1. Would you tally the residues in region 29-49 being among the basic types (Lys, Arg), on the phi < 0 side of the Ramachandran plot and more than 15 Å from the chain's Cα centre (by Cα)?
2. Here's a check for you: in region 41-99, which residue that is among the aliphatic types (A, V, I, L, M) and loosely packed, with under 11 Cβ neighbours inside 10 Å is modelled with the lowest pLDDT?
Amino acid sequence: MVLEYIKFYLNQSGRTVFHIIVVKPSNLNKIQIFQSKCLRQITKAPYYISNDTLHRDLGIPIVQNVEKTYKRLHSKCLNHYNPLISELSTNAISGDPRR
């Protein structure tokens with residue numbers, strides 16, 4: 001199973017464009033671990049506070065929820081009646097953007 005993320009960038013004409021980035025579940029788990037560690041350090045939460053409690057109390061979604069939100073956004077932009085909005089979504093990178 002491979003999950004997808006969306007990356008935003010500016011193309012040559014100055015428009016904001018986003019495309020899908022493929023992320024393996026093992027890498028997605030590493031991102032979630034890093035996010036939880038950062039939240040724990042920022043809040044100085046003790047070890048017995050669960051990560052779910054940290055995310056819920058701070059109002060920060062877990063990585064898997066963000067992934068679902070971006071997938072919905074991408075599908076809505078692709079099928080939008082306004083051509084300017086439908087141009088925001090692309091599966092390929094135009095040109096050679098800097099990494």
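The values are calculated or read from the model by the stated rules, or taken from the named source; none is laboratory data. Since we're looking at a predicted model, the values are computed, not measured. Don't worry about glycine lacking a Cβ; one is built from the backbone with ideal geometry, like all the others, and counts go over all protein chains shown.
1. So the answer is 2.
2. Per the criteria, the residue is Ala92.
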